[in-house]
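Input: a single structure, listed below in structure tokens.
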Amino acid sequence: MKYQLRDYQKKASDAAVMCFKMKSDRNGLLVLPTGAGKSLIIADIAARLEEPLIVFQPNKEILEQNFAKLQTYGIWDCSIYSEWAGKRSAASHSPLSAVSSGI
């Protein structure tokens with residue numbers, strides 16, 4: 001199931017896909033507020049890229065939320081690697097990883 005993205009979500013997804021496809025030496029950063037649909041945007045980006053994508057998550061809850069959103073997009077070739085979630089599975093398309101950060 002693909003979702004109908006809002007204009008700002010589509011613009012964010014388009015910018016990220018363009019950045020990845022340009023093969024630039026520069027990094028990109030998307031900054032969106034709480035409730036803006038970051039999980040949808042991540043799923044849309046992953047669905048549009050024709051290469052592996054690694055997504056780092058700040059915690060277990062967001063990791064599981066984004067994994068579920070990828071699956072609603074029909075992306076079944078994805079996996080989770082997380083000590084927090086106690087999961088280690090491998091897939092070639094989009095591995096999701098939860099990482100901790102310190103202050």
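The values are calculated or read from the model by the stated rules, or taken from the named source; none is laboratory data. The structure presented is a predicted model; accordingly, all values stated were derived computationally and were not measured. Note: ideal-geometry Cβ built from the backbone for every residue, glycine included; neighbour counts use all protein chains shown.
Quick notes on this one:
- Search result, residues across the range 16-25 that are free of Cβ contacts under 8 Å to residues at least 24 places away in the same chain and surrounded by 14 or more Cβ atoms within 10 Å (Cβ to Cβ): C19
- Screening the candidates A16, A12, A36 for the property of being small (G, A, S) and within 18 Å of I62 (Cα to Cα) yields one hit, A36.
- Across the range 48-68, the qualifying residues are those that are among the hydrophobic types (A, V, I, L, M, F, W, C) and part of a loop (DSSP other than H, G, I, E, B), and the one among them that is surrounded by the fewest Cβ atoms within 10 Å (Cβ to Cβ) is I54.
- Scanning the range 70-82 for residues that are surrounded by 15 or more Cβ atoms within 10 Å (Cβ to Cβ), free of Cβ contacts under 8 Å to residues at least 40 places away in the same chain and over 9 Å from the mean Cα position of the chain (by Cα) yields I75, C78, S79, I80, Y81, S82.
- Failed criterion for G28 (all others in (1) loosely packed, with under 11 Cβ neighbours inside 10 Å; (2) out of contact with any strand residue (DSSP E or B) (no Cβ under 8 Å at 6 or more places or on another chain); (3) at pLDDT below 80 hold): (1)
- Answer residue from the range 69-84, given it is outside any strand (DSSP E or B) and of a type in the set (A, V, I, L, M, F, W, C) and is modelled with the highest pLDDT among those: L70
- Any hit, the range 5-13, residues being part of a helix (DSSP H, G or I) and of a type in the set (F, W, Y): yes
- Close pairs (9 angstrom Cβ cut-off, 6 or more residues apart or separate chains): among the charged types (D, E, K, R) in the range 41-54, part of a loop (DSSP other than H, G, I, E, B) and modelled with pLDDT of 85 or more anywhere: D44/L5
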